[in-house]
Structure formats: C-alpha cells, structure tokens
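First comes the structure, then the notes that go with it.
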Amino acid sequence: MDLRRLEVFAKVFECRSFSRAAEEVYLSQPTVSGHIKSLEEELGVRLFDRLGREILPTRSADLLYEYAQRILALVLEAQRAMDAFLGRLRGELVVGGSTIPGQYVLPAFIGRFRLLHPEVKVTLKIGDTRQMVEQVLSGELEAGLVGATMEEERLSFTPLMDDYLCLAAWPGHPYGDSLKAKDLGKPPLVFREPGSGTRMFLTRALKKAGVEVSDLNISAEMGSTMAVVQAVRAQVGLGFLSRRAITEELAAGRLKEVAVSSLDLRRRFYLVTRKKRTHSPSAQAFMALCLAGLDAVEQEG
C-alpha cells in the first residue's frame, strides 16, 4: 500500500472534500481523485460516496482511516527518530505571538533559529494574547510568546524577558511632562482591546495603584499597537504603548513620553505552552533558543 496514497486518503477523509484535500497536500484535484481511485481498486472497496458536491466516507473508509492514522503517525515518529539520531531538524514549526512580541521579538528568534536549522519552515501567527492562549490550548500552536498570564491550569507561563510600557502623547499636548496615577482620569486615553496582553497587564497595574479602568476617560479602543500609535498622533488621546514599539517615534519627536508616578509599568513576556504535551524536536529546539535569552540573539543581529 503506497504511503502517499494513504496520506491523500486521510486528508480527503478529514476534509470531506477532494478540492480542499488537494490544497492541503499540494496536488491537483484530478491527481487526488486518481489516488483515491487507485486505492479503491487496490483494496477492492468503495471508500467514498460521491453525492453531488458532497462526499461521504463509507464504512470501509472509517475502518481504513483508523489504520491510516496509526501508520502515518508511526512513519512520522520514525522520521523524527532518524533526524534526532543524525542531529538534524526539518519539517514545519508553527509558533505564535501576541502583538508586541510577535512583531518586535519573535522575528529575531526565528532568524537565529533558521540559521541553526535551515530545513525547518517556520510559520508565525500573530493575534492578541487571548487568541494565542486559545490556540496553544487547542494544539494549533505548540508555543506562544504573550504579554500577560491567564488563569488556566492546563497552561504553563514561563517568564522570558521584561518589557516597559510608557504613556505616549503627541507633541504640544496640554497634559504636562508627568502625571500622577490618580490623575489619569483627566486626559482622554486610547486603550487596546480587552483581549490584548497590554490591556490585561495595564488593568492589573492600575488596580494595584488604586485606579479602576471604569474611572478613566477612555476615548477609543484599538485592535492593534499601530492603531493606537496613529490615534495618539491624531490627538484622539494619550496611549499606553510598549517602548519597543515606539522607539523610532520617540527618537523622531513624533511622540512624547509622559511620566506616570506611582504606577509600575514594567511587565514581562511569557513563553506559554500546554502542560504535559509532547513537543516536536523543532519546537523543543525553538523553545530552548527562546529560553537562552534575547541578548545573544540581538547581538548577532
């Protein structure tokens, strides 16, 4: 039984579609149909009922799929064992990052990782912290880098590095060079959306300083860091932003920092993984690189 045909069969079974399966295995739809037809002839059974545009697996397909999963998993295990024996990594790795670490930290790690393991294709997904956590939980991501922790016993959050938020304003703003935490209810503020790590961290930091988010004058909520930057520059309000994200804006004078007393704006980025999950060799190597620290990566960059 040809392994490639078995792989194509499994994908058709999962997708319930020849066209979608063809996209997944990088073949044309006629080629996929040919593989299924050849497999049906070899086994002497019908595997799928073609009902117009819909296809349904037969009982024979249900039985074969159970074995196909085990066979393909064993083949992957054998490949990984040989790669480990030879000290070689290859295949694909999917990692995720919330907005700030995804845009400003992970690319440096990925660049270093690719130099060490050029046969591994890395895909980076970026979203807010809540989205990244959900994808790690579902198994879509093996690991993610996020800007806040969440109460979830199935996850492990490992501190990786520090980041600093600052209150940014436009040049010539009327709120002075510094504010007290208790006075943050006066100026209009631009906040990130509730699912973002920045929003989660800031809410906790404000509460520690005796300030409730409900007491603030939030003029707008934005779904990305760059949207907050543009809103501040457009004088919609002051915005709390990572210094990593606005280094050039501050240096060029397009934004000004307003100091906030009695408010601790130092936060951490965390490597989030699912507890008890068996990680691929590529994921293990990538996480080890992350845990080694950012300094070495940035120095080589």
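Each value in this text was obtained by applying a stated rule to the coordinates, not by laboratory testing. This is a predicted model, so every value here is computed, not measured. Methodologically, a virtual Cβ is constructed for each residue, glycine included, from the backbone with ideal geometry; neighbour enumeration extends over all protein chains shown.
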- Rank by packing, highest mean first: peptides 110-122, 184-196, with packing defined as the count of other Cβ atoms within 10 Å averaged across residues. 184-196, 110-122
- Subset of LYS180/LYS256; LYS180/LYS208; LYS180/LYS207; LYS207/LYS275; LYS186/LYS208 violating a 21 Å alpha-carbon distance limit: LYS207/LYS275
- Pop out the ³J(HN,Hα) list for the stretch 41-47 in order, Karplus 6.51 cos²θ - 1.76 cosθ + 1.60 with θ = phi - 60°, rounded to Hz; leave Gly and Pro as x. 5, 5, 8, x, 9, 8, 9
- Using θ = phi - 60° and the Karplus curve 6.51 cos²θ - 1.76 cosθ + 1.60, what whole-Hz ³J(HN,Hα) does each residue of the stretch 20-37 get, with Gly and Pro shown as x? 5, 5, 4, 5, 5, 9, 6, 10, 6, 4, x, 5, 4, 4, x, 4, 5, 4
- Note on the structure: Taking 0.36 nm per residue of separation between GLU66 and THR278 and subtracting their Cα-Cα distance, the length gained on full extension comes to 74.2 nm
- Given a Förster distance of 35 angstrom, what is the FRET efficiency for GLU221 paired with LEU115, based on the Cβ-Cβ distance and rounded to 0.05? 0.35
- Query: What residues qualify as long-range amide H neighbours of ALA148, i.e. H under 5 Å apart, gap of 5 or more or another chain, H built at 1.01 Å from N?
  - Reply: TYR270
- Helix-only [θ] at 222 nm, the chain, -39500 (n - 2.57) per DSSP H run of 4+, per residue, nearest 500, equals -14000 deg cm²/dmol
- Query: Taking neighbour Cβ counts within 10 Å as the exposure measure, how do ASP128, ASP83 sort from fewest upward?
  - Reply: ASP83, ASP128
- Message: Just to verify a number: FRET efficiency for SER261 and GLU92, C-beta to C-beta distance, R0 = 35 Å, to 0.05?
- Response: 0.15
- Message: Nearest 5 percent is fine: what portion of the DSSP beta bridges confined to the chain is antiparallel?
- Response: 50 percent
- Collect residues whose amide H, placed 1.01 Å from N in the peptide plane, falls under 5 Å from the amide H of LEU141; neighbours closer than 5 in sequence don't count. VAL136
- Item | Exposure proxy ranking, count of Cβ atoms within 10 Å, fewest first, for ILE100, ILE218, ILE246, ILE55 | ILE218, ILE55, ILE246, ILE100
- Cα gyration tensor category, rounded, prolate or oblate, for the stretch 163-267 with a/c compared to 1.5: rounded
- Task: Please identify, among PHE13, PHE157, PHE269, the residue showing maximal mean-square fluctuation in a Gaussian network model of the chain using a 10 angstrom Cα cutoff.
- Result: PHE13
- Nearest 10 degrees, 0 to 90: what angle lies between the long axis of helix 197-208 and the longest principal axis of the chain (Cα atoms)? 40 degrees
- Task: Quick one: which residues, 5+ away or cross-chain, put their amide H under 5 Å from the amide H of LEU179? H built at 1.01 Å from N.
- Result: ALA259, VAL260, SER261
- Message: Would the stretch 3-86 count as rounded, prolate or oblate if I go by the C-alpha gyration tensor, calling it rounded below 1.5 in a/c and otherwise prolate when a/b exceeds b/c, oblate otherwise?
- Response: prolate
- Query: Once you put a point 7 Å from the Cα of MET1 and another 7 Å from the Cα of THR158, both along the Cβ direction, what distance in nm separates them?
  - Reply: 3.8 nm
- Task: Please give, to one decimal in nm, the separation of the simple spin-label points placed at LYS186 and ALA251, each 7 Å out from Cα toward the Cβ.
- Result: 3.3 nm
- Karplus ³J(HN,Hα) for the stretch 164-173 (6.51 cos²θ - 1.76 cosθ + 1.60, θ = phi - 60°; Hz, whole; x = Gly/Pro) runs 10, 8, 9, 8, 9, 9, 8, x, x, 5
- Under a plain spin-label model, where a point goes 7 Å from the Cα along Cα-to-Cβ, how far apart in nm are SER38 and LEU124? 4.0 nm
- Item | Listed candidates [x] 19.3; [y] 20.6; [z] 22.5 - label of the one calculated as Kirkwood radius over Cα pairs in Å | [z]
- For LYS11, go through the lysines and keep the ones whose alpha-carbon is under 18 Å away, minus same-chain ones fewer than eight residues off. LYS37
- Item | Exposure proxy ranking, count of Cβ atoms within 10 Å, fewest first, for ARG154, ARG80 | ARG154, ARG80
- FRET efficiency for VAL75 and TYR175 from the Cβ-Cβ distance with R0 = 51 Å, rounded to 0.05, comes out at 0.20
- Under 11 Å from the 7 Å Cα→Cβ point of GLN29, by amide nitrogen: which residues of the stretch 42-86? 53-54
- Query: Around SER156, with a cut-off of 12 angstrom between Cβ atoms, what is the net charge of the other residues, counting Lys and Arg +1 and Asp and Glu -1?
  - Reply: +3
